[in-house]
Amino acid sequence: MFNILVTDDEQIVIDSLSFIINKNFADEARVFTALSGTEAIETVMKENIDIIFMDINMPGLSGLETVSVITKLKPNIVFVILSAFDRFQYAQEAINLGAYKYITKPVNRNVVIETIRGAMQLVQEKQGKLSADLELHKKLDLVSPMIENDFIYACIYNNDKSIDLTSYLDYFNLSENAWVFCCFEFPNINSDNQYNTYLKVHDLLNTEHRCLVSSFMMNRIAVFYPVFSENPDYAEVQEQIKKLYQMISYKVAAGIRAGVSNIFTDKSLLQSSYTEALSALNKTDANGGLLFSGDNQPQTVVQKTNSAEFKNQILNKLSAGDSGGVRSFLELFTSELLSTGMPLDKIKNSIFDLIVTANNATRELNKGFTSSTFDNAFATLSSQNDTKLLKEFAQKFLLECTAAVAGVKKAEENPIIKKVCAYVDDNLSSDISLDTAAEFAGVSSFYLSKLFKEEKGETFINYISDKRLEKSRQLLAETALSIKEITAAVGYNDQNYYSRIFKSKYGLSPKEYRKANGGDR
């Protein structure tokens with residue numbers, strides 16, 4: 001059964017097309033109707049539409065604008081464009097948007113019947129390809145990490161050289177590349193958070209550089225890092241690894257220890273390269289560090305102060321249009337500055353640097369952004385010596401920036417992602433999965449996962465975790481609920497696990513955070 005949506009602002013056209021479809025395809029098609037582009041989008045969100053007849057000239061969203069929006073939401077829908085004008089420019093634009101046919105009104109019954117039959121065949125072809133692609137992606141998503149893990153375990157434990165490691169590299173098309181091995185050791189890792197941490201690290205590394213990543217071995221992950229240049233430069237590779245290390249330290253956990261081998265090309269030395277990386281890791285400081293084979297001292301790039309981490313988090317939340325996150329991390333940022341005992345002038349400089357960086361980040365996302373608060377920032381900070389008022393001034397400006405970014409993002413946000421995010425906000429205390437969210441949005445879990453990563457820049461699971469922790473911060477600061485009650489309110493069953501991941505992300509336990517933000521209840 002094919003679902004066909006007829007969209008036109010003239011009821012007579014809708015009635016005419018509906019009659020033709022029902023008369024000639026009664027057992028093959030079900031008809032839906034819409035009088036506007038907005039109504040058509042709403043129908044597509046609710047129903048599994050296969051074919052759409054779309055009028056070009058409608059009030060509000062035009063037909064072509066509606067096609068553009070729907071194509072982004074559900075790219076496999078087949079479009080037939082309707083127009084009272086036989087104009088090449090309309091037809092050309094429709095074809096550029098991927099429309100199957102362009103039909104002029106009044107519609108000819110035989111042309112409509114022929115078009116529907118062709119569209120039905122095209123839908124079946126697309127669905128067959130989509131099913132095959134989905135099945136392939138599912139298999140690859142399941143199998144490839146297992147093969148990566150098997151390869152690295154073989155590198156480590158293949159003492160008798162009985163396993164042909166080159167066959168693994170052939171599978172990943174990496175057999176011709178030089179490489180370095182890296183070992184990362186993570187603090188506060190246990191069975192509860194190992195898998196999610198592995199997924200996050202694997203995703204982060206492969207976003208920046210194609211890597212093969214092992215699962216956790218105790219609290220360590222091993223990484224095969226291919227070198228893609230023909231003439232490998234170790235200094236260049238070191239700079240790349242430093243950036244990856246900084247990114248993982250910022251987005252996953254501070255205090256990570258890491259060791260990196262030299263560059264190798266001889267596949268018989270895979271085990272040796274891993275051992276070299278492990279040896280470097282074992283020479284790093286117990287509190288964290290990055291060491292390259294042959295170096296005597298860990299890289300100074302490693303440790304960032306908490307205030308620097310909180311500043312990055314503020315900018316990250318600002319870029320997402322998240323005012324609650326900005327408030328929370330600004331509180332942590334200013335508290336950290338005040339706790340160091342640094343001179344007031346240096347505190348002002350740090351706040352001014354944050355304000356300037358936030359202004360630049362906002363203007364990149366909203367070209368028209370201006371602020372009288374920013375224009376007066378230097379003069380205000382220079383003359384103000386009350387730390388509470390300094391913090392309030394910074395918060396006022398940062399929230400202006402966040403509102404400006406949020407306005408742009410709201411206008412651009414995909415309706416599916418908007419719908420799913422609202423669903424997450426409304427159900428934080430419940431068991432939310434990718435499958436339940438996809439079912440709620442009326443799309444496949446594979447499509448939602450891909451779309452979510454493209455729109456939000458992070459995985460669906462990580463987004464939920466961040467939302468739960470942010471909500472818990474708000475409850476800790478603004479309510480008298482016990483930590484046990486807050487744990488349940490944000491969807492966690494284990495208070496100890498919640499406390500561990502809270503501290504891992506924010507550097508304070510829930511109890512310490514509550515005390516720093518209004519007292520110990």
Quiz item: How many residues are surrounded by 17 or more Cβ atoms within 10 Å (Cβ to Cβ) and touching a Ser or Thr at 6+ places or on another chain (Cβ under 7 Å) if we restrict to the stretch 422-440?
Solution: 2
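Has the stretch 42-53 got any residue that is part of a loop (DSSP other than H, G, I, E, B), surrounded by 13 or more Cβ atoms within 10 Å (Cβ to Cβ), over 38 Å from the mean Cα position of the chain (by Cα) and modelled with pLDDT under 90?
No: zero hits.
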Quiz item: In the stretch 202-216, what residues are over 13 Å from the mean Cα position of the chain (by Cα) and either in contact (Cβ under 8 Å) with a residue 24 or more places away in the chain or open to solvent by 60 Å² or more (accessible area, probe 1.4 Å) (or both)?
Solution: His202, Leu205, Glu208, His209, Arg210, Leu212, Val213, Ser214, Ser215, Phe216
Quiz item: Mind checking whether some residue in the stretch 55-63 is open to solvent by less than 40 Å² (accessible area, probe 1.4 Å) and part of a helix (DSSP H, G or I)?
Solution: yes
Quiz item: If the Cβ limit is 6 Å and pairs must be 6+ apart or interchain, which residue in the stretch 489-515 that is without any contact (Cβ under 8 Å) to a residue 24 or more places away in the chain pairs with which residue that is open to solvent by 40 Å² or more (accessible area, probe 1.4 Å) and not in a loop (DSSP other than H, G, I, E, B)?
Solution: Gln495/Lys484; Ser509/Lys503
Exercise. Would you kindly identify the helices (runs of 4 or more DSSP H) lying entirely within the stretch 259-360 that contain at least 1 residues that are in contact with a strand residue (DSSP E or B) (Cβ under 7 Å, 6 or more places away or on another chain) and at pLDDT 85 or above?
Key: 270-282
Self-check item: All positions within the stretch 342-365 that are touching a helix residue (DSSP H, G or I) at 6+ places or on another chain (Cβ under 7 Å) and open to solvent by 80 Å² or more (accessible area, probe 1.4 Å)
Solution: none
Quiz item: Just one of the numbered conditions (1) more than 30 Å from Glu364 (Cα to Cα); (2) open to solvent by 20 Å² or more (accessible area, probe 1.4 Å); (3) not in a loop (DSSP other than H, G, I, E, B) is not true of Val443; which one?
Solution: (3)
Practice problem: May I ask you to list the residues in the stretch 168-201 that are buried (at least 19 other Cβ atoms within 10 Å of the Cβ), of a type outside the set (A, V, I, L, M, F, W, C) and within 27 Å of the chain's Cα centre (by Cα)? | Solution: Glu185, Asn193, Thr197, Tyr198, Lys200
Quiz prompt | Residues that are open to solvent by 60 Å² or more (accessible area, probe 1.4 Å), of a type outside the set (S, T, N, Q) and closer than 18 Å to Thr197 by Cα, drawn from the stretch 469-521 | solution = Asp494, Arg500, Lys503
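The values are calculated or read from the model by the stated rules, or taken from the named source; none is laboratory data. In this text, all values refer to a predicted model and were calculated from it rather than measured experimentally. As a convention, Cβ positions derive from the backbone with ideal geometry for all residues, glycine included, and neighbour counts pool all protein chains shown. Accessible surface areas use protein heavy atoms only, side chains included; no ligands, DNA or RNA. Shrake-Rupley method; radii C 1.70, N 1.55, O 1.52, S 1.80 Å.
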